[in-house]
Amino acid sequence: MASHPQKDGAPPPFGRRPPRPPCVLLLRHPLQFSLFNRPLPDNFHFLKPWESPLPLDDFLSSDNACSAEAILTSGKVPVTADMLRRLPEVRLVVTTSAGLNHIDLAECRRRGIAIANAGGAYSEDVADLAVGLLIDVLRKVSASDRYVRRGLWSSEGEFALGSKLGGKRVGIVGLGSIGLKVAKRLEAFGCAISYQSRKKKPHASYAFYSNVYELAANCDALVICCCLNEQTHHMINREVLLALGKDGVIVNIGRGSIIDEKEMVQLLVQGELGGAGLDVFENEPKVPEELLALDNVVLSPHTAAFTPESFSDLCDLVIGNLEAFFSNKPLLSPVLDE
Amino acid sequence: MDAIGVLMTCPMFAYLEQELEKRFKLYRFWDFPSQRQFFKSHSGSIRAVVGNTKLGADSALIDALPRLEIVASYSVGLDKIDLGKYEEKGIRVTNTPEVLTDDVADIAIALMLGVLRKFCGCDAFVRGGKWKGGDFGFTTKFSGKSIGIVGLGRIGSAIAKRAEAFNCPISYYSRSEKPHVHYKYYPNPVALARHCRILVVACALTEETRHIIGREVMDALGPEGVLINVGRGAHVDEPALISALLEGRLGGAGLDVFENEPEVAEELLRMDNVVLLPHVGSDTVETCEAMADLVVANLEAHFTGKPLLTPVV
């Protein structure tokens, strides 16, 4: 909206000043935008701490930062209570990730700060990866491809037999947007689906287990689709993995720390666990050395959501959320208190 | 029944050998250094042959076994069996349909996911220690991609059912349009290829379907298109495939079968937009056991005068 300066050069009267674009603190330039050279929306004023000579801490205390009304972050940059305390005007946190473990949810709740995440933007891609990892481990797809490329098919003969996917009992840990899509896909392969969740889902027809140990004891494979928080940290521990068994397969597309990685590696090496398909690790990008030598694991560098389609949808969602919030409309992908 | 001579053409599955040995007198063709000697000594004892797609029971074998009554193939594919000749001679033939449908359909989807989401490349990236140097980069979304199926038989239909769970629109080409099928039909493979992103070959190998996927189909599929083959290597003009991939006229390929197994062209071994599997479509413990059980059950039925379970001829 253009201003209408008085003829004498004095500032326009109050009420006709153009509305200030909302101020958004950008903790890191979102990969999803930069990879596509997609510009950030110009109806917001983005504060970019990395362009300032000040270290982040000092930047947050500066006059510039304290006018921020929203924070836009990725999964890698934490939004701590300390940060939030320095930004009294912040009413919204938008994260480009589906995960929320990097955000101090309690502090946001206390302050009444709304949170928007990636919602379902990645769900299909992540579900596809989970299914792909499970089939790969059971049918030894990547291992077979390696076998062929090394010329072993002609010199050594047939590769080892795999295990049929149909009829396998698959336990899904966390039946959210991603978990539901994994279930739908695996049903089409003839898998019997059950799940564990904080609460039973009334709309889901799958068998429910209230604890992961029981789920593991009654399944041939576990697919981890839940978020990382205090309760789920190392939830998949040695007991759960032993309950899954010698032929059991674990697939993780959630967060590395949901599984006690050290225990899992030991059990895989000892043959007490049948196999693993992992897109996430406790200490990315470090992957335990022992896993690199195993043929019954399939390793993926946290790429589940890395498709142009997901990223493009995510960009639309971020812009949509910012615009909705600042026009007093409901967020497109709010994180709701449960 | 243990006096009945059964000839197994080549090693297939230890469990199958065990089960055959329990019931029949099993001759392992590969144990005999001289085929001529074998036929001279034993041809009169052989009343059944168990073959597979690597080594079936061809014309020469039929002629060498005067007492042959039945060939039980440890496969669903019959391209190594001279069906006409068997019918002529009154020799029964059985195969192993249905039991391997799911496994082959699963591998077809695995190949699609593998090519688009680059599982093998990602795994190699991590194993090679490259993740520390940065992210892998983009892969292509699978859900929602259009899929064209060449041959909507048991396996083709099973592939379609799985792909639908990923919200993939399905179309197909078959010798004739199938009534009661809600997928879009195209009257020829080129038209099908033009209208889909992923083309999967799931039909039987016959004279008509040899090289059904040639340069024209691949060009129609295009630089973003992906070819999946879980049929037979001979369905695809392999040299044309290699050029199309090298020249970028075709986006990628997932292959479980090759024209000259187990030889795989050097050029393919070096490509990162392909997934190469050593003919493992039905290679699971569960399915191999089920196939073996079916072979044995068919032979038992024949030799006790009962109806065959899965006769072809």
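The values are calculated or read from the model by the stated rules, or taken from the named source; none is laboratory data. Computed from a predicted model, the values in this text were never measured in an experiment. Ideal geometry is used to build each Cβ from the backbone, glycine not excepted, and the neighbour counts take in all protein chains shown. To get the accessible areas, we keep the full protein, side chains included, count just its heavy atoms, and leave off ligands, DNA and RNA. Shrake-Rupley method; radii C 1.70, N 1.55, O 1.52, S 1.80 Å.
Points worth noting:
- Filtered residue count, region A:106-130, keeping only those that are away from chain B (no Cβ under 11 Å) and part of a loop (DSSP other than H, G, I, E, B): 7
- Any hit, region A:277-300, residues being at the interface with chain B (Cβ under 8 Å from one of its Cβ atoms), of a type outside the set (Val, Ile, Thr) and open to solvent by less than 30 Å² (accessible area, probe 1.4 Å): yes
- Taken over region A:156-191, residues that are open to solvent by 30 Å² or more (accessible area, probe 1.4 Å) and in contact with a Gly (Cβ under 7 Å, 6 or more places away or on another chain) amount to 3.
- Filtering region B:10-27 to residues that are of a type in the set (A, V, I, L, M, F, W, C) and either surrounded by fewer than 18 Cβ atoms within 10 Å (Cβ to Cβ) or at pLDDT below 95 (or both) leaves B:Cys10, B:Met12, B:Phe13, B:Ala14.
- Scan of region B:110-127 for residues that are in contact (Cβ under 8 Å) with a residue 12 or more places away in the chain, more than 7 Å from chain A (Cβ to nearest Cβ) and either in a helix (DSSP H, G or I) or surrounded by fewer than 23 Cβ atoms within 10 Å (Cβ to Cβ) (or both), ordered by number: B:Leu111, B:Met112, B:Val115, B:Leu116, B:Gly121
- Within this structure, A:Ser257 passes the test of being of a type in the set (Ser, Thr, Tyr), more than 12 Å from every other protein chain (Cβ to nearest Cβ) and in a helix (DSSP H, G or I).
- Tallying residues that are open to solvent by 30 Å² or more (accessible area, probe 1.4 Å) and small (Gly, Ala, Ser) within region B:29-63 yields 6.
- Test for A:Ser333: is it more than 10 Å from chain B (Cβ to nearest Cβ) and farther than 24 Å from A:Gly162 by Cβ: yes
- Qualifying residue in region B:159-173 (condition: within 30 Å of B:Leu294 (Cα to Cα), away from every other protein chain (no Cβ under 14 Å) and out of contact with any strand residue (DSSP E or B) (no Cβ under 7 Å at 6 or more places or on another chain)): no
- So A:Leu242, is it within 14 Å of chain B (Cβ to nearest Cβ) and either closer than 22 Å to A:Asp279 by Cβ or free of Cβ contacts under 8 Å to residues at least 40 places away in the same chain (or both): no
- First in region B:271-283 and over 17 Å from B:Asn52 (Cβ atoms) and within 8 Å of chain A (Cβ to nearest Cβ), second anywhere and open to solvent by less than 10 Å² (accessible area, probe 1.4 Å) and assigned to a loop (DSSP other than H, G, I, E, B), Cβ under 6 Å, 6 or more apart: B:Leu277/B:Asp256
- Taken over region A:26-58, the residue count meeting the criterion of being free of Cβ contacts under 8 Å to residues at least 24 places away in the same chain, over 18 Å from A:Arg86 (Cβ atoms) and part of a loop (DSSP other than H, G, I, E, B) is 6.
- Which numbered condition A:Tyr122 misses (of (1) at pLDDT 95 or above; (2) crowded, with 24+ Cβ neighbours inside 10 Å): (1)
- Matching residues in region B:265-284 - criterion: being buried (at least 22 other Cβ atoms within 10 Å of the Cβ) and either in a loop (DSSP other than H, G, I, E, B) or on the phi > 0 side of the Ramachandran plot (or both): B:Leu277, B:Pro278, B:His279, B:Val280, B:Gly281, B:Ser282, B:Asp283
- With respect to the conditions (1) over 19 Å from the mean Cα position of the chain (by Cα); (2) open to solvent by less than 10 Å² (accessible area, probe 1.4 Å); (3) more than 14 Å from chain B (Cβ to nearest Cβ), A:Glu323 lacks only one, and its number is (2).
- Considering B:Leu68, B:Leu26, B:Leu16, B:Leu61, the condition of being part of a helix (DSSP H, G or I) and either assigned by TED's automatic domain parsing to the domain that holds B:Ile228 or over 30 Å from A:Leu165 (Cα atoms) (or both) is satisfied by B:Leu61 alone.
- Residue in region A:134-141 that is farther than 22 Å from A:Cys227 by Cβ, among the aliphatic types (A, V, I, L, M), open to solvent by less than 10 Å² (accessible area, probe 1.4 Å) and modelled with pLDDT under 95 present: no
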